[in-house]
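Just below is one structure, and these are the notes that go with it.
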Amino acid sequence: MDAFQQIDQDFLLRFPGGLNDPEWLALAKKYRVVDKVRELAASLDAATLAQALDSGRTTAVVDTLDKLISRCPTVSTFERMAFRHYLAYSDTHLPLIAALAGVWRRCEAETFEQLVSVLEMCRHDKCANPAKWPVVTAFLAYADPDTHVHIKPTTTRQLAARLGVDIGYQSRPNFATYQRVREMVSAFRASSAVAHGQNYITTQAVMYCAL
C-alpha cells in the first residue's frame, strides 16, 4: 500500500461510506460557508474587475474582497484582520484589483509574484501585512477550485512530510512551492478512489482527515 492509498484507507476507516457517509455529510454542513465564499469569488468576474479598474470606482469590489477573506474558513482571524487593515490603505485598492485580474486570468510565476508583492505594500504596518499563504491562495482556490489549491503552512507541510514530498517550502508565498503543492494534491486525486473527480477543496479536505 502506497502513501496515497493509506490516506484513502484512513479516510474510509473514519467515514466508511466515503463522501456519502452521514458523518462526513454532517461535517460538510458546518462548512456551507465555503459555498458563499465561492459565490463571492464568482461575482468578481473579469468584466467587473475591468470596470473597476477603468472607472477607478473600487468600493464594491473591495467590499466583496473583504467579505471573501473574512468568511473564508481556511483563513485565521489574525490574517483576516491583517487584510482588513491592509484595505484601510486606499492606495492598495487599484493595484490589488489589477493583480487579482492578472492572476485569475493566468496563474504563473509573474502574476503570482505580483499578487504577493501587492499584498506586501503595507508591510511597514505590522498589522496590515496579509501576504501570507492562506490569504494568497484563498483568492485562487475559491475562485477556481477545479484548478487551484489552498495552502495552510503547518497542515500542508505535515501532509507533505507524511507523503514524503519535498514542496520546497518558504514562508513567503512563491509560485514554485505553490506548484509543488498543487502537483502533490493532483497526484493524490488522480490515484484516490475517494477523491477522484472532486475539486481541490474537497480533495484537500479528504487528505487532511489523514493527519
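Bear in mind these aren't lab numbers, they're just calculated from the coordinates by the rules spelled out. Please read all numbers here as calculations on a predicted model, not as lab measurements. Methodologically, a virtual Cβ is constructed for each residue, glycine included, from the backbone with ideal geometry; neighbour enumeration extends over all protein chains shown.
Once the piece of chain linking A3 and Y169 is laid out straight, how much longer is it, given 0.36 nm per residue of separation minus the C-alpha distance between them? It would help to have the intermediate numbers written out before the result.
Working: separation 166, 0.36 × 166 = 59.76 nm, distance 2.01 nm.
Length gained, A3 through Y169: 57.7 nm.
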>> I'd like the orientation of helix 109-119 relative to the chain: the angle between its Cα long axis and the longest Cα principal axis, in ° from 0 to 90, rounded to 10.
In response: 60 degrees
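Report the relative contact order of the chain, percent, no decimals, based on alpha-carbon pairs under 8 angstrom and at least 6 residues apart. Working shown, then result.
On the way: 242 pairs, mean separation 46.9, N = 211.
Relative contact order for the chain comes out at 22 percent.
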> Roughly speaking, what is the stretch gain from L53 to Y89, that is 0.36 nm per residue apart minus the C-alpha to C-alpha distance, in nm to one decimal?
Replying inline: 11.3 nm
> By what distance, in whole Å, do the Cα atoms of the chain stretch along each of the three principal axes, largest value first?
Replying inline: 55, 34, 29
>> Going by average Cβ density within 10 Å per residue, which order do the peptides 110-121, 135-146 take, highest to lowest?
In response: 135-146, 110-121
> Once the principal axes of the Cα atoms of segment 34-141 are found, what is the range along each, listed largest first in whole angstroms?
Replying inline: 32, 31, 28
> Roughly what would the spin-label model give for R71 and R180, points 7 Å off Cα along C-beta, in nm?
Replying inline: 3.5 nm
> By count of other Cβ within 10 Å, fewest leading, how are H124, H85 ordered?
Replying inline: H124, H85
> ³J(HN,Hα) across segment 76-90 via Karplus (A = 6.51, B = -1.76, C = 1.60, θ = phi - 60°), whole Hz, x for Gly/Pro?
Replying inline: 6, 4, 4, 5, 5, 5, 4, 5, 5, 5, 4, 5, 5, 8, 5
